[in-house]
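What follows is a short report on a single structure.
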């Protein structure tokens with residue numbers, strides 16, 4: 001068990017270092033949309049496209065994939081700033097007109113505001129209890145580790161034959177003092193009542 005926790009902890013921490021994809025697609029004229037509902041859905045909270053339907057992380061990544069290579073490009077080689085609705089995308093960062101950081105692109109989409117949904121329809125403001133019933137694909141145990149003084153990162157381990165990490169949910173609240181990680185039922189109990197405050201949506205992260 002200790003080996004599994006250590007491995008899971010390393011994988012969760014390593015996610016931040018991964019990059020983006022390689023295919024450049026022309027931007028489409030309309031924002032991504034989905035009909036999936038989520039417990040956190042709120043009217044008129046869609047970033048970049050005010051009043052529109054919530055955006056979908058996978059579709060954002062496909063549309064803006066060329067900007068996800070910022071981590072491996074020198075500034076002069078990066079794509080120029082691009083409009084995304086009322087937002088601007090440059091060097092992997094999607095910013096609102098007032099400068100608010102909406103999301104960051106890499107090997108996935110780091111979601112920082114409400115109105116962007118992951119592949120199971122979850123957005124910021126949902127609870128862990130909303131996330132868990134939606135994970136129907138084969139997976140390992142839930143693992144939660146600390147993420148600073150007042151946050152915790154939780155994610156299902158991928159199965160042994162999986163080659164892509166699952167999405168990580170950063171929730172409000174720290175683990176108990178002296179606890180480095182929780183797995184399985186203990187992690188689920190902790191996660192279920194916590195509010196999701198950030199989502200690191202995985203597209204091809206390893």
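What follows draws every value from the coordinates through simple rules; no lab data is involved. Remember, predicted model here, so these are calculated numbers, not experimental data. With ideal geometry, Cβ positions are generated from the backbone for all residues, glycine too; neighbour counts draw on all protein chains shown.
Observations
- Kirkwood Rh and Cα Rg combined as Rg over Rh, evaluated for segment 42-117: 0.96
- Extending 7 Å from the Cα toward the beta-carbon at both residue 77 and residue 164 defines two label points whose distance is 2.6 nm.
- Cα→Cβ-extended label distance, 7 Å offset, between residue 62 and residue 91, nm: 2.9
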